[in-house]
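The values are calculated or read from the model by the stated rules, or taken from the named source; none is laboratory data. Given the structure is predicted, the values throughout are model-derived calculations rather than measurements. All Cβ positions, glycine included, derive from the backbone under ideal geometry; neighbour counts span all protein chains shown. Heavy atoms of the whole protein, side chains included, go into the accessibility calculation; ligands, DNA and RNA do not. Shrake-Rupley method; radii C 1.70, N 1.55, O 1.52, S 1.80 Å.
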Amino acid sequence: MNKHALIIGASGVIGSNLASHLLAQGWQVTGVSRGRTPVPDGCVSLRLDATDAQAVASGLANIDASHVFFAAWARQDTEKENIRVNGAMVANVLAALGQNGHQRHLRHAALVTGLKHYLGPFDAYGKGSVPVTPFREEQGRQDVENFYYEQEDRLFEAAARYGFTWSVHRPHTIIGYALGNAMNMGLTLAVYAGLCKASGEPFVFPGSSAQWHGISDMTDAGQIARQLAWAADSPAAANEDFNIVNGDVFRWKWLWPRLAAYFGIEAADLPATMSPLAGRMDGAADLWRAIAAQHNLVEADVGRLASWWHTDADLGRPMEVMTDMGKSRKAGFLDYQDTPEAFFRLFERLKQERIIPR
């Protein structure tokens with residue numbers, strides 16, 4: 001059957017890797033973005049603000065997709081606004097496809113959320129009754145407002161109305177190639193390492209003791225792309241929610257010196273008090289501009305590369321965070337990705353693309 005993917009957020013770290021994966025499998029791909037960064041080659045680009053219902057209805061009038069993938073979010077000042085804005089994106093797209101009569105061809109809709117499903121939103125991050133690790137899909141929702149739940153409800157409602165299947169995918173922290181993405185720890189750590197190397201400062205872990213010593217896992221962007229593609233037409237994945245991580249576990253106190261060694265810098269011991277990146281990067285803009293000039297890098301604005309706040313949030317969690325992959329494995333998804341190799345592969349590409357120094 002013809003496979004035409006509509007990817008909402010096709011220029012982001014998840015969406016761009018998904019687009020490349022589907023294109024390699026012979027899919028037709030239309031990528032929706034705001035146009036701030038390009039979509040992958042071979043992907044038909046559609047510049048659209050998914051929060052604008054009228055613009056979405058007009059922009060999707062002639063798009064007859066068999067599958068739609070939601071891999072975008074718009075950060076707001078409060079969770080109430082996150083709920084309104086991000087829930088509307090899902091509702092607008094599915095309503096437009098349904099109202100245009102395309103529901104006859106739309107077979108599946110996939111929504112990417114994340115572990116804040118279990119941890120709570122940024123407004124109440126880890127402050128409630130966090131489930132016991134490893135997180136399992138059966139643990140359900142927290143008793144807090146959360147825009148992930150709003151997105152799910154809009155998805156479930158549209159699926160029931162228009163007759164397509166759905167899947168929900170919950171990655172941990174994403175590692176993957178993308179620029180201008182607020183949730184890209186791999187690029188942030190690469191930039192941080194470059195700043196440390198240029199300044200002679202040690203590579204200090206910016207997070208909590210719980211994260212440093214506890215067991216953790218991560219999600220490579222290629223790994224979630226493979227799960228999304230698998231779930232798109234797998235009967236065992238229809239109308240199910242799945243965690244998605246690489247399949248290995250690690251402790252940051254083990255991984256951190258290995259990342260430092262890759263860049264040829266010194267990994268510091270865990271500091272006595274937390275040392276978030278956002279509080280230490282006041283001079284980063286000027287130093288990175290000098291690094292970019294010295295090494296002929298393509299991006300001199302460190303603000304377009306590093307997201308200090310998001311990496312601080314991930315690494316600053318006051319509890320151990322890891323997930324169980326048993327549900328999707330039992331359903332037939334058996335892919336695996338080594339986490340250190342995912343980091344090193346990303347770093348090599350960043351060098352090749354002249355994003356970070358060689």
(request) Can you give me the number of residues within the range 294-312 that are touching a residue at least 24 places away in the same chain (Cβ under 8 Å), within 16 Å of Leu179 (Cα to Cα) and in a loop (DSSP other than H, G, I, E, B)? (result) 6
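Filter the range 63-88 down to the residues that are in contact with a strand residue (DSSP E or B) (Cβ under 8 Å, 6 or more places away or on another chain) and assigned to a loop (DSSP other than H, G, I, E, B), then identify the one that is surrounded by the most Cβ atoms within 10 Å (Cβ to Cβ). If you could, list the steps in order and put the result at the bottom.
Pass one, the range 63-88, residues in contact with a strand residue (DSSP E or B) (Cβ under 8 Å, 6 or more places away or on another chain): 63-72.
Subsequent filtering for residues that are assigned to a loop (DSSP other than H, G, I, E, B) retains 63-66, 71-72.
Numbers: Ile63: 18, Asp64: 16, Ala65: 23, Ser66: 20, Ala71: 27, Ala72: 23.
Going through the qualifying residues, I end up with Ala71.
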(message) Is it the case, given these coordinates, that Arg36 is open to solvent by 30 Å² or more (accessible area, probe 1.4 Å), of a type in the set (Lys, Arg) and assigned to a helix (DSSP H, G or I)?
(response) no
(request) Please name all residue pairs, on different chains or six or more residues apart, with Cβ atoms under 9 Å, provided the first residue is in the range 313-327 and is in a helix (DSSP H, G or I) and the second residue is of a type in the set (A, V, I, L, M, F, W, C) and at pLDDT below 95. (result) Ala313/Phe122; Asp314/Met183; Asp314/Met185; Asp314/Val321; Leu315/Met185
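Take the range 39-62 and flag every residue that is part of a loop (DSSP other than H, G, I, E, B) and surrounded by fewer than 18 Cβ atoms within 10 Å (Cβ to Cβ). Outline the logic, then answer.
Going through the range 39-62, the residues part of a loop (DSSP other than H, G, I, E, B) turn out to be 39-43, 48-52, 60-62.
Within the range 39-62, Asp41, Gly42, Asp49, Thr51, Asp52, Ala61, Asn62 meet the criteria.
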(message) As an exercise: evaluate Arg358 against (1) basic (Lys, Arg); (2) within 22 Å of Gly200 (Cα to Cα); (3) modelled with pLDDT of 95 or more and give the number of the one condition it does not meet.
(response) (3)
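Would it be correct to say that Gly180 is closer than 30 Å to Gly264 by Cα, crowded, with 19+ Cβ neighbours inside 10 Å, touching a residue at least 24 places away in the same chain (Cβ under 8 Å) and small (Gly, Ala, Ser)?
Details: closer than 30 Å to Gly264 by Cα: yes; crowded, with 19+ Cβ neighbours inside 10 Å: no; touching a residue at least 24 places away in the same chain (Cβ under 8 Å): yes; small (Gly, Ala, Ser): yes.
Criteria not met by Gly180.
Listed residues Ile265, Ile291; which is in contact (Cβ under 8 Å) with a residue 24 or more places away in the chain, of a type in the set (Val, Ile, Thr), touching a strand residue (DSSP E or B) at 6+ places or on another chain (Cβ under 9 Å) and under 16 Å from Leu189 (Cα atoms)? Step through it out loud before you land on a result.
Values: Ile291 fails: touching a strand residue (DSSP E or B) at 6+ places or on another chain (Cβ under 9 Å).
It is Ile265.
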(request) Residue by residue through the range 96-110, note down the ones that are modelled with pLDDT under 80 and either in a loop (DSSP other than H, G, I, E, B) or within 19 Å of the chain's Cα centre (by Cα) (or both). (result) Asn100, Gly101
(message) Please go through (1) over 20 Å from the mean Cα position of the chain (by Cα); (2) at pLDDT 95 or above for Pro131 and return the number of the only condition it doesn't satisfy.
(response) (2)
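Out of Arg161, Arg226, report the one residue that is of a type in the set (D, E, K, R), touching a residue at least 60 places away in the same chain (Cβ under 8 Å) and touching an Asp or Glu at 6+ places or on another chain (Cβ under 8 Å). Please lay out each step first, then the result.
On the way: Arg161 fails: touching an Asp or Glu at 6+ places or on another chain (Cβ under 8 Å).
Of the residues listed, the single one that is of a type in the set (D, E, K, R), touching a residue at least 60 places away in the same chain (Cβ under 8 Å) and touching an Asp or Glu at 6+ places or on another chain (Cβ under 8 Å) is Arg226.
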(message) Looking at Ile7 and the list (1) in contact with a strand residue (DSSP E or B) (Cβ under 6 Å, 6 or more places away or on another chain); (2) at pLDDT 95 or above; (3) open to solvent by 10 Å² or more (accessible area, probe 1.4 Å), which single condition is not satisfied?
(response) (3)
(message) Please go through the range 41-96 and give me each residue that is basic (Lys, Arg) and under 26 Å from Gly26 (Cα atoms), ordered by number.
(response) Arg47
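If I ask for residues that are among the basic types (Lys, Arg) and either crowded, with 22+ Cβ neighbours inside 10 Å or part of a helix (DSSP H, G or I) (or both), which ones from the range 221-253 would you list?
Within the range 221-253, the subset among the basic types (Lys, Arg) is 226, 251, 253.
Those that are among the basic types (Lys, Arg) and either crowded, with 22+ Cβ neighbours inside 10 Å or part of a helix (DSSP H, G or I) (or both): Arg226, Lys253.
Anything in the range 254-289 that is of a type in the set (Gly, Ala, Ser) and either assigned to a helix (DSSP H, G or I) or surrounded by 15 or more Cβ atoms within 10 Å (Cβ to Cβ) (or both)? List them, or say none.
Taking the range 254-289 first, the residues of a type in the set (Gly, Ala, Ser) are 260-261, 264, 267-268, 272, 275, 278-279, 283-285.
Ala260, Ala261, Ala267, Ala268, Ser275, Ala278, Gly279, Ala284, Ala285, listed by residue number.
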